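Asks: Quick one: the structure is below, and I'll ask about it shortly.
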Amino acid sequence: MRPRLAAYNLFKPPCRLRLHHQCRLTEPEDTVDHSSNPYRDLPSVDRLLADPRVAALAVERGHNPVASLVREVLEAYRAAIASSAALPAPTVVEAVLARAETLRPSLQSVVNATGVIIHTNLGRAPLSRSAIEAVVRASAGYSNLEFDLDAGERGTRFSHLDVTLCRITGAEAGIAVNNNASALLLALAALCRDREVIISRGQLVEIGGGFRIPDVLRQSGATLVEVGTTNRTYVRDYAEAITERTAAILRVHSSNFRVVGFTEQPSLSGLASLARERGLLLLDDLGSGALLDTRAYGLAPEPLVQDSVRAGADVVLFSGDKLLGGPQAGIAVGRTEAIQAMRRHPLARAVRIDKASIAALTATLDHYAKGEAEREVPVWRMIALPLAPIETRAERWADAGGADATVEACESTVGGGSLPGESLPSAACVITPPSGTEAFAAALRAADPPVVARIHEGRVWLDPRTVHPSEDAHVEATLIRLLEASGHGR
Ligand SMILES: *Cc1c(COP(=O)(O)O)cnc(C)c1O
């Protein structure tokens with residue numbers, strides 16, 4: 001490339017010094033021209049692609065993406081030279097390799113060492129082996145997704161879940177959609193549009209990511225009627241708010257916060273009696289919703305889907321990927337007419353569940369039907385993990401961490417908008433990094449696969465509870481590599 005004279009002439013001496021003495025544009029053997037023209041020092045695209053390390057990258061990531069990256073990097077060098085700015089890296093090859101990261105797929109597997117079991121930022125619930133196999137089967141070829149094999153004609157995708165959902169929860173009918181937020185939107189749109197929905201002021205909550213119950217209600221076309229106070233609401237508050245425009249009473253589980261002290265919320269069966277008496281629907285948004293009793297694991301009770309059905313809710317809504325431990329989905333179970341109205345509503349098409357999720361959800365529900373959920377569903381397996389094997393693993397990790405690591409008691413949490421303030425006693429490998437906490441956590445995240453830890457009290461905590469034992473070797477190797485690199489290893 002011919003130098004642009006204007007830019008060339010504007011070079012300030014310190015920059016030129018940096019270019020030619022401190023920062024080699026190319027490897028020494030690469031350098032062809034030692035004239036003072038820095039543009040001419042830049043290697044060609046072909047020359048860079050022939051470099052063994054860049055060539056290896058092209059084998060791994062494909063020739064065209066790597067060639068584009070090489071051109072981008074060269075462009076960055078030209079821009080830096082033109083503006084007398086600092087160069088991206090001492091050599092162009094190093095700059096290309098440093099940006100090879102951008103060629104990795106954006107969505108990657110990570111090791112979750114945070115001790116938060118249902119971590120929304122890390123993809124919530126990992127699937128069971130048979131759920132994964134079901135996804136592969138359903139996705140690899142064709143299926144009877146919407147095809148009735150007996151009749152040889154069009155069927156419905158909802159048929160695959162209905163029976164299992166009813167068997168497990170005791171409900172008359174069920175439907176699964178994209179997620180619980182859309183299940184709630186669909187229920188309100190199909191059952192309460194242009195009418196009023198009564199809700200306690202203590203339940204007008206924000207779930208997370210800006211998902212607020214009053215906003216969802218508005219979007220559905222229903223009108224919100226608030227009753228009671230933040231801390232206390234009685235059945236009579238609901239009763240007094242009923243008009244001829246009322247369609248339903250909505251109860252929303254306080255998933256991610258706890259109100260303590262002088263509080264009162266009516267029981268679901270109390271609300272069910274009122275709704276029945278006055279000809280209204282009772283909708284129960286459980287959020288997480290559990291099918292197993294969390295009290296068996298030393299945790300506070302999380303409402304059971306079966307209990308809500310039994311108490312008389314007309315529609316019970318819950319997530320597929322919170323305590324259920326399945327794929328992202330929203331599930332509604334309840335009375336046949338209400339579920340039918342949801343299936344028929346035009347929004348049902350907009351929020352429908354895909355075949356891979358139906359497959360994973362069916363396999364996950366099967367674990368509950370067979371009574372093997374605690375053993376097979378990863379979320380429940382992690383909740384049920386006893387302390388001793390966690391301590392043993394934390395100790396092995398700490399051995400790998402050497403002088404900078406210790407084992408300490410800590411608390412794992414269930415997360416995912418369930419059991420706020422509750423925790424499971426656990427053990428962590430705790431690193432006091434010589435390089436600084438933030439830098440060390442960043443180095444862990446830069447590993448392949450990335451390791452995500454928790455920063456607490458100025459140290460880095462790694463909780464084995466949420467790490468699959470097959471990932472232990474990677475965690476240990478990463479600790480050895482990072483702490484030896486800093487000169488503080490064992
Ligand atoms: C989490 C939650 C939702 C949203 O569920 P998604 O499956 O994340 O869409 C709705 N309501 C409550 C009470 C929740 O806790």
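The values are calculated or read from the model by the stated rules, or taken from the named source; none is laboratory data. The model shown is predicted, which means the values in this text are computed figures rather than measured ones. With ideal geometry, Cβ positions are generated from the backbone for all residues, glycine too; neighbour counts draw on all protein chains shown. Heavy atoms of the whole protein, side chains included, go into the accessibility calculation; ligands, DNA and RNA do not. Shrake-Rupley method; radii C 1.70, N 1.55, O 1.52, S 1.80 Å.
Asks: Could you tell me which residue of segment 226-246 is farthest from the ligand (Cβ to nearest atom), considering only residues that are touching a strand residue (DSSP E or B) at 6+ places or on another chain (Cβ under 8 Å) and basic (Lys, Arg)?
Replies: Once the filter is applied, the top-ranked residue is ARG245.
Asks: Something else now. I'm trying to understand the selection: among the residues of segment 432-466, which are more than 19 Å from the chain's Cα centre (by Cα) and among the basic types (Lys, Arg)?
Replies: ARG459
Asks: Select from segment 101-119 the residues that are among the hydroxyl-bearing types (Ser, Thr, Tyr) and open to solvent by less than 80 Å² (accessible area, probe 1.4 Å) and list them in ascending order.
Replies: THR114
Asks: When you scan segment 386-441, how many residues do you find that are away from the ligand (no atom under 16 Å from the Cβ) and more than 11 Å from VAL460 (Cα to Cα)?
Replies: Residues that pass the stated criteria total 31.
Asks: Among the residues in segment 171-179, are any away from the ligand (no atom under 16 Å from the Cβ) and out of contact with any strand residue (DSSP E or B) (no Cβ under 9 Å at 6 or more places or on another chain)?
Replies: no
Asks: Tell me which residues, restricted to segment 77-100, are among the hydrophobic types (A, V, I, L, M, F, W, C), in a helix (DSSP H, G or I) and open to solvent by less than 30 Å² (accessible area, probe 1.4 Å).
Replies: Within segment 77-100, ALA80, ILE81, VAL92, VAL93, ALA95, VAL96, ALA100 meet the criteria.
Rundown of residues vs (1) under 22 Å from GLY174 (Cβ atoms); (2) within 13 Å of the ligand (Cβ to nearest atom); (3) touching a Cys at 6+ places or on another chain (Cβ under 7 Å), yes/no style:
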{"position": "ALA189", "(1), (2), (3)": "yes, no, no"}
{"position": "GLY209", "(1), (2), (3)": "no, yes, no"}
{"position": "LEU224", "(1), (2), (3)": "no, no, no"}
{"position": "ALA272", "(1), (2), (3)": "yes, no, no"}
{"position": "GLU277", "(1), (2), (3)": "no, no, no"}
{"position": "LEU282", "(1), (2), (3)": "yes, no, no"}
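Asks: Exactly one of (1) at negative phi; (2) modelled with pLDDT under 95 is unmet by GLY210. Its number?
Replies: For GLY210, the failing item is (1).
Asks: Give, as residue ranges, the strands (runs of 3 or more DSSP E) completely inside segment 413-490 that count at least 1 residues that are touching a residue at least 40 places away in the same chain (Cβ under 8 Å) and of a type in the set (Ser, Thr, Tyr).
Replies: 424-431
Asks: Do the conditions hold for LEU286, that is, is it within 10 Å of the ligand (Cβ to nearest atom), open to solvent by less than 10 Å² (accessible area, probe 1.4 Å), of a type in the set (A, V, I, L, M, F, W, C) and within 19 Å of ALA373 (Cβ to Cβ)?
Replies: yes
Asks: Still on this structure, I have one more. How many residues, within segment 317-353, are free of Cβ contacts under 8 Å to residues at least 40 places away in the same chain and within 18 Å of the chain's Cα centre (by Cα)?
Replies: The number of residues fulfilling the criteria is 0.
Asks: Could you look through segment 289-303, keep only residues that are within 14 Å of the ligand (Cβ to nearest atom) and in a loop (DSSP other than H, G, I, E, B), and pick out the one that is surrounded by the most Cβ atoms within 10 Å (Cβ to Cβ)?
Replies: GLY289
Asks: Return the pairs, sorted by first residue and then second, in which the second residue is open to solvent by 40 Å² or more (accessible area, probe 1.4 Å) and assigned to a loop (DSSP other than H, G, I, E, B), the first residue lies in segment 192-216 and is more than 9 Å from VAL252 (Cβ to Cβ) and of a type in the set (Lys, Arg), the beta carbons are less than 8 Å apart, and the residues are 6+ apart or on different chains.
Replies: ARG195/ARG245; ARG201/THR229; ARG201/THR230; ARG212/LEU204
Asks: So which residues in segment 164-181 are surrounded by 22 or more Cβ atoms within 10 Å (Cβ to Cβ) and not small (Gly, Ala, Ser), if there are any at all?
Replies: The answer is LEU165, THR169, ILE175, VAL177, ASN180.
Asks: Which of the residues spanning segment 194-205 are more than 10 Å from the ligand (Cβ to nearest atom) and open to solvent by 10 Å² or more (accessible area, probe 1.4 Å)?
Replies: Passing the criteria: ASP194, ARG195, GLU196, ARG201, GLY202, LEU204.
Asks: Then there is this: Considering only residues that are within 14 Å of the ligand (Cβ to nearest atom) and under 24 Å from LEU185 (Cα atoms), which ones fall in segment 249-264?
Replies: If the condition is that a residue be within 14 Å of the ligand (Cβ to nearest atom) and under 24 Å from LEU185 (Cα atoms), then LEU250, ARG251, VAL252, HIS253, SER254, SER255, ASN256, PHE257 are the ones that fit.
Asks: Okay, moving on. Name every residue in segment 304-333 that is assigned to a loop (DSSP other than H, G, I, E, B), open to solvent by 10 Å² or more (accessible area, probe 1.4 Å), in contact with a strand residue (DSSP E or B) (Cβ under 6 Å, 6 or more places away or on another chain) and more than 10 Å from the ligand (Cβ to nearest atom), in order of residue number.
Replies: Within segment 304-333, just ASP314 meets the criteria.
Asks: Give LEU191, LEU184 a once-over and let me know the one that is modelled with pLDDT of 95 or more, within 30 Å of ALA272 (Cα to Cα), over 26 Å from the mean Cα position of the chain (by Cα) and crowded, with 16+ Cβ neighbours inside 10 Å.
Replies: Being modelled with pLDDT of 95 or more, within 30 Å of ALA272 (Cα to Cα), over 26 Å from the mean Cα position of the chain (by Cα) and crowded, with 16+ Cβ neighbours inside 10 Å holds for just one of LEU191, LEU184, which is LEU191.
Asks: Further, regarding this structure: Working only within segment 227-282, note down all residues that are of a type in the set (Asp, Glu) and open to solvent by less than 50 Å² (accessible area, probe 1.4 Å).
Replies: Selection gives ASP237 alone.
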